[in-house]
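The values are calculated or read from the model by the stated rules, or taken from the named source; none is laboratory data. Quick caveat, the model's predicted, so the values are computed rather than measured. Backbone-built Cβ (ideal geometry, glycine too); neighbour counts: all protein chains shown. Heads up: the accessible areas ignore ligands, DNA and RNA and are worked out on the full protein's heavy atoms, side chains in. Shrake-Rupley method; radii C 1.70, N 1.55, O 1.52, S 1.80 Å.
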Amino acid sequence: MRLFLLFIFLMASCINDPMLVQDFVIDKKQPIEKIKGALLLHTERGKVKVRLIANNIERFKDIQPSLIFSNHLEVHFYNDSSQLQSTLKADDASIDEETKIMLAKNNVILTSVDDKKLETDELLWDENRNKIYTDKKVKITTGKEVIFGEGFTSTPDFKQYSITKIHGTFDFATQTD
């Protein structure tokens, strides 16, 4: 009889409030999707425009940024003929799917097919405006010089760019005696 009463007492004390359980199970800060080792392609009229390779992606619902990339990602930008124009690499990034702006952070490197290289801590890609930009310190290396500055704007192909505050340049031109 004691065992039966103990069992009834335990069952009565184990009643859960459904709202508390729902709050516990549905944590809005948890991703609704996790992907490891992803390759994403963005095409326009059947031609590859952007190829994204990421080690880790987390997708969130009802919060921005809604996509979080971690542990390295690469974004390859292609021209209208599907030829590679530039590559963006970063340790981490996030995409706000409402504004279509990606923020790449930590060890950001943008390289072009004509051997230009940008290094910075943070770089934004605005897909709607077709612009890549930052207000952070930048280092641009070309075949002939290294340019230091603060603030950078370019198209994703890295063909033409501007630097807001140039701190200095170093020319690699060879000297003759």
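The residues neighbouring residue 124, those whose beta-carbon lies less than 14 Å from its own, together hold a net charge of -2 under the Lys/Arg +1, Asp/Glu -1 convention. Across the alpha-carbon atoms of segment 95-134, the computed radius of gyration and Dmax are 10.9, 33 angstrom. Counting only residues at least eight positions apart within a chain, or on another chain, the lysines with an alpha carbon under 19 Å from that of residue 136 are 89, 105, 116, 117, 165. Near residue 99: Cβ cut-off under 13 Å, other residues only, Lys/Arg at +1 and Asp/Glu at -1. The net charge is -2. Straight-line cross-link reach from residue 34 at under 19 Å between alpha-carbon atoms covers these aspartates and glutamates, not counting any fewer than eight positions away in the same chain: 58, 62, 74, 91, 92, 96, 97. Surface analysis of segment 35-177 yields an accessible area of 60 Å² per residue, using protein heavy atoms and a 1.4 Å probe.
Here segment 131-152 and segment 41-111 have alpha carbon centers that stand 20 Å from each other. Can you work out the PRE-style zone for residue 146? Point 7 Å along Cα to Cβ, and I want the residues of segment 87-126 with backbone N under 15 Å. Once the point is set 7 Å along Cα→Cβ of residue 146, 117-120 turn out to lie under 15 Å by backbone N, inside segment 87-126. Listed by chain and number, the aspartates and glutamates whose C-alpha is less than 17 Å from the C-alpha of residue 144, apart from same-chain residues fewer than 8 away, are 114, 115, 119, 171. Net charge of the neighbourhood of residue 79, taken over other residues with C-beta under 15 Å away and scored Lys/Arg +1, Asp/Glu -1, is +1. Apply the Debye scattering formula to segment 44-177, with a single equal point scatterer on each alpha-carbon and no solvent, then give log10 I(q)/I(0) at q = 0.09, 0.18, 0.19, 0.20 Å⁻¹. Taking Cα atoms of segment 44-177 as identical point scatterers yields -0.28, -1.01, -1.11, -1.20.
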